[in-house]
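The values are calculated or read from the model by the stated rules, or taken from the named source; none is laboratory data. All figures in this text were calculated on a predicted structure; none of them were measured in a lab. Cβ coordinates were reconstructed from backbone atoms using ideal geometry, including for glycine residues, and neighbour counts include every protein chain displayed.
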Amino acid sequence: MNGIGIIKGLLITLKHFFDTYLSNFGRKQKNLSTDDKRGMVDSSGLFTIQYPEEVLVTPEEFRVIPFLVYEAGENNERKYRCTSCGICAKVCPTQCIFITRKKDPETGKPIPSPEEFYIDTDKCMNCGFCAEYCPFDAIKMDHDFELSTYERGDSHIYNKEKLGKPVEYYAKIRPVNYALEVAEKSEKTTAA
Ligand code: SF4
Ligand code: SF4
């Protein structure tokens, strides 16, 4: 029938209108809590987020520049999980990861730990391949997206110190992934 498409389109517009005003009316200009579904996959309606006063809850799988996970050592020194295997640098589509491996000062033999680890954040496209392929769960995608600076030079190349974040931070921003990782590791330990 002629005109059926127009009617369907109008019904969709009408649905958005009701969803917007019934689901979200009066919810603007307040701190968003984890049960606020605006911006989530299952949200409905159209709305404006008054950023930066309002900030949407970040979904766990959200990903920005990667960070290097470390555990705290005995003297609170950083024990990076990274073994400097170089897999992340190899799979990185933009080739923005640069790693050098530590060497034993006496024997000169390589030690499975990064001496230097750089990411050029101007080139990183936040694809998450590095985190996906790392066999040691040593590199994870961050949630911190407020990264703009007034400088366009060296400060955009993050070194090992800047990239490092404690395992507790990882557990906080990616609780589901962290729990899965812990369960997997304990399964392997039990089986061994
Ligand atoms: S972050 Fe992971 S993949 Fe990259 S060098 Fe370190 S251990 Fe290898
Ligand atoms: S997120 Fe993608 S582009 Fe960025 S460092 Fe990792 S692999 Fe490279």
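Scoring residue 157 on the criteria (1) away from ligand 1 (no atom under 16 Å from the Cβ); (2) in contact with a helix residue (DSSP H, G or I) (Cβ under 8 Å, 6 or more places away or on another chain); (3) modelled with pLDDT of 95 or more leaves a single failure, condition (2). Per this entry, residue 99 is counted among residues that are hydrophobic (A, V, I, L, M, F, W, C), near ligand 1 (Cβ under 10 Å from one of its atoms) and out of contact with any Cys (no Cβ under 6 Å at 6 or more places or on another chain). Taken over the stretch 156-192, the criterion of being assigned to a loop (DSSP other than H, G, I, E, B) and either among the hydroxyl-bearing types (Ser, Thr, Tyr) or free of Cβ contacts under 8 Å to residues at least 12 places away in the same chain (or both) is satisfied by 192 alone. Would you tally the residues in the stretch 55-92 being within 13 Å of ligand 2 (Cβ to nearest atom) and in a strand (DSSP E or B)? Result for the stretch 55-92: 5. Is it true that some residue in the stretch 134-145 is more than 24 Å from residue 175 (Cβ to Cβ), more than 16 Å from ligand 1 (Cβ to nearest atom) and at pLDDT below 95? Checked against the condition, which is being more than 24 Å from residue 175 (Cβ to Cβ), more than 16 Å from ligand 1 (Cβ to nearest atom) and at pLDDT below 95, the stretch 134-145 yields no hits at all.
Yes/no matrix, rows are residues, columns are (1) under 13 Å from the mean Cα position of the chain (by Cα); (2) assigned to a strand (DSSP E or B); (3) at pLDDT below 95:
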position	(1), (2), (3)
99	no, yes, no
105	no, no, yes
112	no, yes, no
117	no, yes, no
124	yes, no, no
130	yes, no, no
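When both residues are 6+ apart or on different chains and their Cβ atoms are under 6 Å apart, which pairs have a first residue that lies in the stretch 133-155 and is in the same structural domain as residue 165 (by TED's automatic domain parsing) and in a loop (DSSP other than H, G, I, E, B), and a second that is charged (D, E, K, R) and surrounded by 10 or more Cβ atoms within 10 Å (Cβ to Cβ)? Within 6 Å, the pairs are 136/81; 137/181; 138/81. When we screen 5, 73, 9 for residues that are within 30 Å of residue 128 (Cβ to Cβ), at pLDDT 70 or above and of a type in the set (Gly, Ala, Ser), the only hit is 73.
Each row is one residue, and each column tells you yes or no for (1) of a type in the set (A, V, I, L, M, F, W, C); (2) within 14 Å of ligand 2 (Cβ to nearest atom).
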{"site": "123", "(1), (2)": "no, yes"}
{"site": "126", "(1), (2)": "no, yes"}
{"site": "132", "(1), (2)": "no, yes"}
{"site": "141", "(1), (2)": "yes, yes"}
{"site": "152", "(1), (2)": "no, no"}
{"site": "168", "(1), (2)": "no, no"}
{"site": "178", "(1), (2)": "no, no"}
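Considering only residues in the stretch 25-51 that are among the small types (Gly, Ala, Ser) and surrounded by 13 or more Cβ atoms within 10 Å (Cβ to Cβ), the one that is modelled with the lowest pLDDT turns out to be 39. Applying a threshold of 9 Å to beta carbon distances and a minimum spacing of six or more residues, or different chains, the list of pairs starting in the stretch 52-64 at a residue that is among the basic types (Lys, Arg) and surrounded by 14 or more Cβ atoms within 10 Å (Cβ to Cβ) and ending at one that is at pLDDT 95 or above and part of a loop (DSSP other than H, G, I, E, B) reads 63/126; 63/127; 63/128; 63/143. Just one of the listed residues (123, 140) is surrounded by 13 or more Cβ atoms within 10 Å (Cβ to Cβ), within 16 Å of residue 65 (Cβ to Cβ) and in contact with a Ser or Thr (Cβ under 7 Å, 6 or more places away or on another chain), namely 123.
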